[in-house]
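One structure coming up, written as structure tokens, with questions to follow.
Only the coordinates and a few stated rules stand behind these numbers; no lab work does. Owing to the predicted nature of the structure, the values given are computational and were not obtained by experimental measurement. Ideal geometry is used to build each Cβ from the backbone, glycine not excepted, and the neighbour counts take in all protein chains shown.
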Amino acid sequence: SELKDFIGQMPKAKLHMHLEGALEPSLVRLIATRNNLPVPSSIQEQDSGYSFNDLSSFLALYYPNMAVLQTTQDFHDLAWSYLTKAHEQKIVHAEIFFDPQAHTSRGVKFATVISGYHSATIEAQEQFGMSASLIMCFLRDMDAQSAMNTLTEALPYKDKIIGVGLDSDERDNPPSKFATVFARAREEGFLLTMHCDIDQKNSIEHIRQVSEEIGVDRIDHGTNIVENARLLNLVIERGIGLTCCPISNSVVTEDLKGAEIKRLLHDGVKVTINSDDPAYFRGYLNENLEFIGEKLSLTRTDLVQLQRNAFDIAWISHDDKSKYI
Ligand code: HPA
Ligand code: ZN
């Protein structure tokens with residue numbers, strides 16, 4: 001279709017995707033087999049895709065599946081399969097989350113994870129001219145001490161990590177739990193972002209904490225901010241961007257939050273469209289843009305603005321931004 005072609009040919013940036021969430025069933029099977037591990041029970045015969053309906057049932061697949069990743073080669077191959085796909089979709093810049101604690105907690109060395117992922121980003125630069133940066137996420141359902149230990153482990157690899165984020169199960173794990181860790185991360189020169197998922201009953205309070213207390217540079221999801229004029233003004237004034245993921249929203253909360261995203265866009269909030277966990281939600285960036293473009297009858301101007309926003313709030317130099325804005 002015309003919409004599809006228009007989206008396909010636009011040079012794009014993507015700012016919110018979890019590398020471990022790009023682990024397609026076929027790759028789980030391949031890596032399990034070469035590591036002499038049983039194929040996880042969630043991987044069905046025909047690789048027909050994962051089945052879940054909320055964040056906790058998603059996480060219950062996500063963590064066991066990624067346990068097949070053990071060697072530097074495994075981490076490299078996962079990142080490479082994602083970056084190849086991103087290049088096919090005309091993504092010229094990608095910022096990608098990874099979850100080191102999900103690997104170090106099962107005995108994999110931090111160095112194994114980072115060297116596999118990093119080498120794939122270098123190859124993407126060399127082969128595709130595509131830039132890709134890693135954002136290290138802390139698992140919010142683990143304690144703050146574990147996050148602090150992870151931050152310390154990451155310091156020797158500072159040049160390979162652009163920023164830090166916060167993901168996993170948000171219930172009873174508010175941003176404030178990690179205030180000290182994020183303050184330290186900022187001192188070390190990392191940029192900051194945190195998930196404020198849309199289906200949390202405390203989501204406004206969480207958005208308040210990240211924007212007023214922690215002082216994040218971006219907010220992941222955060223769409224519920226439409227409910228609070230004061231916080232809305234604050235993110236507009238400071239140019240804090242939101243990274244929204246419509247297909248993920250529609251699976252996890254049964255609502256793509258389209259009306260909210262459209263209003264934020266038209267209010268001048270730097271809102272962007274992203275894929276979250278593309279292998280699980282079965283949609284990469286173009287599919288997310290097509291989905292929201294169709295459902296909300298977005299104009300070409302809207303779609304272009306969404307991608308301008310992405311380059312605008314990307315963690316890249318002004319010179320690099322100016323090529324695309
Ligand atoms: N939400 C929260 N944590 C996550 C997600 C998500 O969609 N993907 C990976 N970790
Ligand atoms: Zn996410």
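Excluding residues on the same chain fewer than 8 positions from K323, give the lysines whose Cα lies under 26 Å from its Cα.
Within reach: K4, K12, K14, K85, K90, K160, K262, K270.
Still on this structure: Tell me, what is the FRET efficiency for Q125 and T33 to the nearest 0.05, using R0 = 35 angstrom and their Cβ-Cβ distance as r?
The calculated FRET efficiency here is 0.70.
A follow-up question, please. Under 10 Å, Cα contacts only: if you run a Gaussian network model on the chain, which one of L30, L83, L256 comes out with the highest mean-square fluctuation?
L30
First obtain the Kirkwood hydrodynamic radius of the range 2-322 from its Cα pairs, then insert it into the Stokes-Einstein equation at 20 °C and 1.002 mPa s, and state the resulting D in µm² per second as a whole number.
Working: Rh = 19.6 Å.
Once the numbers are plugged in, D ends up at 109 µm²/s.
Where in the chain are the DSSP H helices whose alpha-carbon span along the long axis reaches 30 Å or more and whose Kyte-Doolittle mean is at least -0.5?
Values: long enough: none.
Membrane-span-like by this criterion, though nothing is claimed about a membrane: none.
Classify the range 215-265: rounded, prolate or oblate, from the alpha-carbon gyration tensor (a ≥ b ≥ c, eigenvalue square roots; a/c under 1.5 rounded; otherwise prolate if a/b is larger than b/c)?
Numbers: a/c = 2.45, a/b = 1.72, b/c = 1.42.
The shape class here is prolate.
Run lengths n ≥ 4 of DSSP H only: what is the helix-derived mean residue ellipticity at 222 nm for the chain, with -39500 (n - 2.57) per run over all residues, to the nearest 500?
Working: 16 runs with 156 residues, N = 325.
It comes out at -14000 deg cm²/dmol, rounded to the nearest 500.
Pick out which of L37, L285, L306 has the largest mean-square fluctuation in a Gaussian network model of the chain, springs linking Cα atoms closer than 10 Å.
Highest fluctuation among the options: L37.
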